[in-house]
Every structure is written in structure tokens, then in C-alpha cells.
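The block underneath contains the structure these notes are about, expressed in C-alpha cells.
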Amino acid sequence: MKSVDEATRVILDHPIDLEVETCSTSKALGRTLREEIKADRDFPPFDRVTMDGIAINYEDWKKGQTKFLVTGVQTAGSPPLEIAVANVALEIMTGAMRPEGASAVVPVEEVVFEEAQDGQRYATITAEVLTLNQNIHQQGKDRKAGDVLVPANTTIDHAEIAVAVTVGKTELKVTCQPKVAIVSTGNELVDTHETPAPYQIRRSNSYALSAALANRGIQAQLWHLPDDQTLIEEQLTSIFHEFDIIITSGGVSKGKKDYVPTVMKQLNVEKLFHRVKQRPGKPMWFGKKGNKVLFGLPGNPVSTLVGLFKYVIPYLDKIEGRTTSPVRYAKLGQDFKFDRNLTYFLSVNVINKEGELWANPVPGHGSGDFANLLECNAFLELSENQQNFLAGSVYPLIPFRNI
């Protein structure tokens, strides 16, 4: 039996290889970037005006001039005009290119406009203080052409898509998404539309697993197999040919109908471990065959989710090349006791209290109490070899909802 740390190391030490593919930038949300995005020109690419107002030669104002003849309007997206003589100004808009000869922009709030009888327009500056190049975002101040804007192995979000489009990239190199199969087993399970017999329940685990994976862009395929060893072997043989990652739910414990470990042996899948010193989720199985892996998760709903968020999701991060997120921690909200020499994944509701995360235990009725998860948003990982866990102590946090 492996400890939680040992099981984690074994899993992460057996990655499968995923190829790189080209994806349309507009469809790259949530994918893992496998190239650097570099600036194709300076950022900003020109001296960019940051306020509506007037553009002037700063030296004119410095010599005491406050009233300027307005000779034109400089708008965003148009070629720059020029201030060629003294004591003239250009009305200017945010985002416009700095006019030739302009060295300061005065905000419209600090300018009074008036029109003379001859039809000419003047602007009087009311500000008492101006600075050279004020309200001008100078070319290349943010980034230089050739600078790396987004490093490889970044998870692509809206900001990365905006940057990619800005530098003219219509396509991006990304990690191919793994093909994932979710296989539930058990005669006690029926599908959503079916009416269960008194001794049956509807199968929820596979849908929960599928939804969690879809949240990160992976569309898994679902199977359900009855407690028939021959049929399980036939179906898993076929599934292994087609999919990169197989996640089974149920059938890995010590019951007479728990056929998954036996079938894996018959299919020559290398068993890397079976059973982890934890609760819930102790019977977990993990193995590899060629460039494919199987996670055998216990069938109880809470155990299944612990296995997914503790082991499967970090594994996906690794094989997709994602930058690893730092471990999050929370303070235990009240004293808790667990008198087994196992790592315990405590169901908690985490709240942010003055900038600190506090995890409040949510009592349930064992690993089959999936309704209890409706009141929780994370698991708190309580270390083995300890029985009494004191309020205020800090432990690793495994969120399964946004916190």
C-alpha cells in the first residue's frame, strides 16, 4: 500500500506523451500553449496619446505661453499631423499617434476652448503644472519587438488570446488533448432516464467526472459495464486501443465482483500500485500499458472526486505541459479528530476571512454521501500519523469548486 505522497510520485513519474497540434487562435481557450508568443513590434508600436485634450510643444508652455491656436484635430487611427510653428496646438484623442513636434498632451479638463470672431479656435491651458511628454505612452515602453509576451506551457485564457491576436497570430501550437474514457461498473447502477429498482441507484460518478473534465476542455466518452468479467475484459480491450487515459469508477476493491484489477492483469497492464493509505479512496488502482494509463477509482462518489482532484487533474496538468500551480493552503476552522493511520481528505466549506482561507468541516455520512458535497467546495488534506487536528492549523487544500 502506498502513502499519498508515494502514490502521487508514482503517478507523475509515469506520464504519457501527447503530440503538439496547430489550433485556431479563436478556439484555443483552455488549451496549453506549446510555443512562445513574441512581440512582432514594439508595445506600444508608436508614441500613443493616453488622454483626450490638446497636444502642444512643451517648450512653448515652458516659456510662458498658455493660449494656443488650434490648427487641427488628431484622431486615433489616422496618420500624425505636425506642430510646425510656435504657440499652436492640435486637438487630440485618446489612442492617437503623437503629432510631430508635440511633446506634451494637456487633458481636456485643463483646457478652455473659445472661438474668435475670425472663426479661429483657441485653447487656453488652466493647469499650473505640466511635464515633458506627459500623457504620452512612449513607443516600446511596455515591450520591445522580439520580447516573449507569453511563455510556452501557459494555459490559454482570454488575455493570452488577446495578445496572440495583437501580434498577428491566427494559429497557435498547443498540446493535443488526451482522449479520455470514463467507465463505470456495477449491476447496481442504472442510467439517468431509467427508474432504479429498490436495490439500485442512478450512476452519477461518470457524469460528475465528465463534467469536471469538460470544465478544462476535455470531452470524455462514457461507458457503463455490468459486473461481467468477460464483458469488462472485451470492452476494456477495445477502449485501450482507442483512448489515452481510462478512468474507471468502481470495481477495484476486494469484493467478488470487483473485476478491474484482474482484467488489468489479463490485459498486461502494468500495475504500479493498488491501494493508498487514505480515506476516502483507499482501494485506488493505477497502471500503465505503453503510452496509455488507467486510473481505477473507487465507486463511492466522494472517493471518486478525491481521486479525480488529487491525482487525475495534476496528472493531466503534467502531460499537457501546463505550468504547475502552487499548492494552496487553508486554516482548519475547528478542531477535528481522525483516529486512523491514514491521510484523511476532509470535506470542507472554505471561506475567505480577511485575506485568509478558513476551511470549515462539513460533517457527512461516509464516502457514499455525495449530497454532502453540495455544501462543500474543497477537501482539506490531513496528514497521516496524526489524530488530533487543531483549529487554526494550516493544511493543503484541494478545491473542487472556485474559491
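The values are calculated or read from the model by the stated rules, or taken from the named source; none is laboratory data. Note that the structure is predicted; figures quoted are calculated from it, not measured. Here Cβ is always computed from backbone atoms with ideal geometry, including for glycine, and neighbour counts include all displayed protein chains.
If you check I201 against the conditions, is it out of contact with any Gly (no Cβ under 8 Å at 6 or more places or on another chain) and at pLDDT 90 or above? Here the answer is no, as I201 does not meet what is asked.
Condition check for L189 on (1) within 19 Å of L316 (Cβ to Cβ); (2) buried (at least 19 other Cβ atoms within 10 Å of the Cβ); (3) aliphatic (A, V, I, L, M): one failure, at (1). What pairs can you find where one residue is in the range 369-390 and free of Cβ contacts under 8 Å to residues at least 60 places away in the same chain and acidic (D, E), the other is loosely packed, with under 13 Cβ neighbours inside 10 Å and not in a loop (DSSP other than H, G, I, E, B), and their Cβ atoms are less than 9 Å apart, with a gap of 6+ or different chains? Going by the 9 Å Cβ cut-off, there are no qualifying pairs. With a requirement of 1 or more residues that are farther than 30 Å from G296 by Cα and acidic (D, E), the strands (runs of 3 or more DSSP E) lying completely within the range 1-111 that satisfy it span 88-92. Cβ-Cβ contacts under 7 Å between residues 6 or more apart (or on different chains), taken from a first residue in the range 322-342 that is under 16 Å from E381 (Cβ atoms) to a second residue that is basic (K, R) and in a strand (DSSP E or B), are listed as R340/R279; L342/R279.
In the range 318-330, the residue that is modelled with the lowest pLDDT out of those that are within 19 Å of N402 (Cβ to Cβ) and among the hydrophobic types (A, V, I, L, M, F, W, C) is V327. Name the single residue that is farthest from P99 (Cα to Cα) among those in the range 118-141 being of a type outside the set (S, T, N, Q) and loosely packed, with under 10 Cβ neighbours inside 10 Å. Among residues in the range 118-141 that are of a type outside the set (S, T, N, Q) and loosely packed, with under 10 Cβ neighbours inside 10 Å, the one farthest from P99 (Cα to Cα) is D118. Counting the residues of the range 263-321 that are closer than 13 Å to H14 by Cβ and either part of a strand (DSSP E or B) or touching a Lys or Arg at 6+ places or on another chain (Cβ under 9 Å) (or both) gives 13. Taking the condition within 21 Å of V312 (Cβ to Cβ) and among the aliphatic types (A, V, I, L, M), does L222 pass? Considered against the rule, which asks whether it is within 21 Å of V312 (Cβ to Cβ) and among the aliphatic types (A, V, I, L, M), L222 comes out as yes. Out of the residues in the range 214-229 that are among the aliphatic types (A, V, I, L, M) and in a strand (DSSP E or B), which is farthest from Q177 (Cα to Cα)? Result: L225. For the range 276-290, the set of residues classified as among the charged types (D, E, K, R) and in contact with a Phe, Trp or Tyr (Cβ under 8 Å, 6 or more places away or on another chain) consists of R279, K289, listed by residue number.
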